[in-house]
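A.B. asks: Questions regarding the structure given below will be posed in turn.
The values are calculated or read from the model by the stated rules, or taken from the named source; none is laboratory data. The shown structure was predicted, so the numbers you read here are calculated from the model rather than taken from an experiment. Neighbour counts are summed over all protein chains in view; Cβ atoms, including those assigned to glycine, are modelled from backbone coordinates with ideal geometry.
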Amino acid sequence: MRTGLNPAEAESAPPIWVEDYLAYLATQRRAARLTVEGYRRDLLRLAELADGRSPLELSSHDIRRFVGRLHGEGLGGRSIARALSAWRGLYRWFARHRGLERNPVDGIRAPRSPSLLPRALSMEQAQALLDPVAESVLEVRDLAMFELLYSSGLRLAELASLDLGRGVDMDEGMATVTGKRGKTRMVPVGGKALEALRAWVALRSGLPVGDERALFVTRTGKRMTSSAIRSRLAQRAQQIGLGVHVHPHMLRHSFASHMLQASGDLRAVQELLGHASIRSTQVYTHLDFQHLAQVYDAAHPRARKR
């Protein structure tokens, strides 16, 4: 079996072990397409660093050297940590299918990066983004997408994969989505989002959709891609003069932050976001404290700067 990567192969085709492992992720682990693409980049980077050697020949010393090289090239700690996660998973797969006895990535950590809080819109900015009346079919569609992202805290991939008649129960006001690693969850859909969705569904049939089952489609009746949704959201924010670059994940961050500010229920927000670990949700407590600090500075008579 071909397990290495020589210079000629680097420009032609990825190693067999890369394709085999990615196929396992896609079929057995049911990893999302974007996840598989990310793993592909990180595994090809490992093959490049190995310089023709099989990954089965690499030691922990080699992996540490690779981490040092990546860091020296300016790659941040988060990106290196992601690469190590991909490599560690690969070696676990080798242990099951190639009889590997020791994972050379175990115990190796990426350099620390400064902790960056996710950016969120203020409640006023969210209202400014969503309040303008839609004046065309595509604007009606866009408003329904953005209301749903903000109302239910959906991931971009979860939104793009929704089908008509499945996923969103407008009578019950609930959405059922499939998130990371094929996990399904139910989330409530707010009144404004339901109103926007009903308006869009009434107009959707006027497009050349044919047998397309996607809830959100283009003017030609094809499923909206993640990149198209991202582009339309950025365009809307620019058109209304919001003054910040808005991306779909920012609406998810805004949903989480505003929910936490209003309820203080971290566990509930964790369930709504579909986080496997409460640690992933705790970052929003920092956003909440930032909000409280701003309110304090603005309202408390002894906090005002003179």
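A.B. asks: Is there any pair with a first residue in segment 187-208 that is farther than 19 Å from residue 155 by Cα and a second that is of a type outside the set (Gly, Ala, Ser) and outside any helix (DSSP H, G or I) whose Cβ atoms are under 7 Å apart and which are 6 or more apart or on different chains, and what are they?
C.D. replies: Hits for this filter: 198/170; 204/217; 207/217; 207/219; 208/220.
A.B. asks: Okay, next question. Taking the stated definitions as given, is residue 225 in contact with a strand residue (DSSP E or B) (Cβ under 9 Å, 6 or more places away or on another chain), of a type in the set (S, T, N, Q) and assigned by TED's automatic domain parsing to the domain that holds residue 133?
C.D. replies: Taking the combined requirement at face value, the residue does not satisfy it.
A.B. asks: Quick check on residue 53: is it at pLDDT below 90 and either in contact with a Lys or Arg (Cβ under 6 Å, 6 or more places away or on another chain) or in a loop (DSSP other than H, G, I, E, B) (or both)?
C.D. replies: Against the criterion (at pLDDT below 90 and either in contact with a Lys or Arg (Cβ under 6 Å, 6 or more places away or on another chain) or in a loop (DSSP other than H, G, I, E, B) (or both)), residue 53 does not qualify.
A.B. asks: Next question. Among the residues in segment 203-212, are any within 22 Å of the chain's Cα centre (by Cα) and not assigned by TED's automatic domain parsing to the domain that holds residue 28?
C.D. replies: Looking for residues that are within 22 Å of the chain's Cα centre (by Cα) and not assigned by TED's automatic domain parsing to the domain that holds residue 28, one finds none in segment 203-212, hence no.
A.B. asks: Would you say residue 41 is within 30 Å of residue 246 (Cα to Cα), outside the structural domain of residue 14 (by TED's automatic domain parsing) and either without any contact (Cβ under 8 Å) to a residue 60 or more places away in the chain or part of a helix (DSSP H, G or I) (or both)?
C.D. replies: No.
A.B. asks: Is it fair to say residue 205 is out of contact with any Phe, Trp or Tyr (no Cβ under 9 Å at 6 or more places or on another chain) and closer than 19 Å to residue 166 by Cβ?
C.D. replies: Yes: the conditions hold for residue 205.
A.B. asks: Can you tell me how many residues in segment 165-182 are in contact with a helix residue (DSSP H, G or I) (Cβ under 7 Å, 6 or more places away or on another chain), closer than 29 Å to residue 26 by Cβ and either exposed (fewer than 14 other Cβ atoms within 10 Å of the Cβ) or not β-branched (Val, Ile, Thr) (or both)?
C.D. replies: Of the residues in segment 165-182, 2 are in contact with a helix residue (DSSP H, G or I) (Cβ under 7 Å, 6 or more places away or on another chain), closer than 29 Å to residue 26 by Cβ and either exposed (fewer than 14 other Cβ atoms within 10 Å of the Cβ) or not β-branched (Val, Ile, Thr) (or both).
A.B. asks: Something else about it: I'd like the full set of residues that are without any contact (Cβ under 8 Å) to a residue 24 or more places away in the chain and either within 22 Å of residue 26 (Cα to Cα) or not in a helix (DSSP H, G or I) (or both), limited to segment 60-78.
C.D. replies: Hits for segment 60-78 are 73, 74, 75.
A.B. asks: Just checking, does segment 111-126 include any residue being within 21 Å of the chain's Cα centre (by Cα), in a helix (DSSP H, G or I) and at pLDDT 90 or above?
C.D. replies: Yes: one or more hits.
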